[in-house]
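The values are calculated or read from the model by the stated rules, or taken from the named source; none is laboratory data. This is a predicted model, so every value here is computed, not measured. Note that we place each Cβ from the backbone using ideal geometry, even for glycine, and neighbour counts take in every protein chain shown.
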Amino acid sequence: MEFADRRAAGRELAARLRYLDGQRPLVLGLPRGGVVVAKEIADAIGGELDIIPVRKLGVPGDPELALGAIAEGGTVVTNPDVLRQRGLGPADVDEAAAHAFAELERTAATLRRHRPPATLRDRAVVVVDDGVATGATTRAALRSVASRGARWLTLAVPVAPAEVLEELASATDHTVCPNPRVWMRAVGNWYRDFRPVTDEEVIALLHRQPA
């Protein structure tokens with residue numbers, strides 16, 4: 001299945017989440033592209049839209065190689081293979097996490113315009129991205145949401161590798177992915193329009209909530 005754009009992907013996911021109608025779920029998009037998808041879902045099922053900021057953790061001296069990810073709230077996940085191959089220990093993870101978390105907080109403040117994050121406790125929460133590749137950032141987001149007391153946790157993504165999706169599904173109450181792939185191309189290859197999303201676009205979506 002190929003999607004016209006992120007909005008079309010969001011509508012496809014929303015059709016599979018109708019059971020949440022009337023529950024005023026919290027729909028959390030991973031910035032930036034995931035917020036466009038999440039907005040369509042939130043509008044369709046009467047949800048509240050917010051973000052779940054996540055940052056990859058770069059290997060010290062080689063920031064393009066990810067050793068894991070950190071999500072809002074300080075939740076960290078790591079890639080044991082990368083840690084072992086590079087001989088990295090807890091101090092290296094802490095250093096990378098501190099740097100990434102500072103960036104994460106700046107991004108969150110910019111996108112939310114300094115308003116506080118939505119309350120998660122005892123709520124049905126849907127975590128949304130525009131696609132999954134390795135799953136590190138998604139895994140961090142799910143753990144962050146679970147640690148903050150969500151009552152029901154759903155993951156909704158348009159496309160993901162089947163093996164990674166199976167692992168992620170074990171951390172949720174419900175997972176929706178209309179396009180699980182055994183062989184995964186780059187996420188953008190599953191969209192006809194996958195143009196970059198700007199901070200300004202995300203801000204506009206977050207602050208244009210339905211009545």
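Whenever a residue of the range 159-171 is on the phi > 0 side of the Ramachandran plot and surrounded by fewer than 20 Cβ atoms within 10 Å (Cβ to Cβ), it has no partner that is among the β-branched types (V, I, T) and not in a loop (DSSP other than H, G, I, E, B) lying with C-beta atoms less than 7 angstrom away and at least six residues away or across chains.
Which numbered condition trips up T175, out of (1) under 18 Å from A15 (Cα atoms); (2) touching a residue at least 24 places away in the same chain (Cβ under 8 Å); (3) of a type in the set (S, T, Y)? Going through the list (1) under 18 Å from A15 (Cα atoms); (2) touching a residue at least 24 places away in the same chain (Cβ under 8 Å); (3) of a type in the set (S, T, Y), T175 breaks only (2). I'd like to check something: does the range 67-83 contain any residue that is part of a loop (DSSP other than H, G, I, E, B), more than 20 Å from P31 (Cα to Cα) and of a type in the set (A, V, I, L, M)? No - not one qualifying residue is present in the range 67-83. Checking L88, L120 one by one, the residue that is in a loop (DSSP other than H, G, I, E, B), more than 20 Å from the chain's Cα centre (by Cα) and of a type outside the set (S, T, Y) is L88 and no other.
Among the residues of the range 186-211, those that are assigned to a loop (DSSP other than H, G, I, E, B) and loosely packed, with under 13 Cβ neighbours inside 10 Å comprise A186, R192, D193, R195, P196, T198, H207, R208, P210, A211.
For the range 173-185, state whether one or more residues are of a type in the set (S, T, Y) and assigned to a loop (DSSP other than H, G, I, E, B). No, the range 173-185 has no match at all. Here the range 32-48 is the region considered, the condition is being surrounded by 24 or more Cβ atoms within 10 Å (Cβ to Cβ) and not basic (K, R), and the residue that is farthest from T134 (Cα to Cα) is G47.
Within the range 22-66, the residues that satisfy the criterion of being among the acidic types (D, E) and part of a helix (DSSP H, G or I) are E40, D43. For the range 104-124, the tally of residues that are at pLDDT 95 or above, under 20 Å from V197 (Cα atoms), out of contact with any Asp or Glu (no Cβ under 7 Å at 6 or more places or on another chain) and surrounded by fewer than 18 Cβ atoms within 10 Å (Cβ to Cβ) stands at 3.
The set of residues in the range 132-172 that are closer than 16 Å to L13 by Cβ, out of contact with any strand residue (DSSP E or B) (no Cβ under 6 Å at 6 or more places or on another chain) and of a type in the set (S, T, Y) contains only T138.
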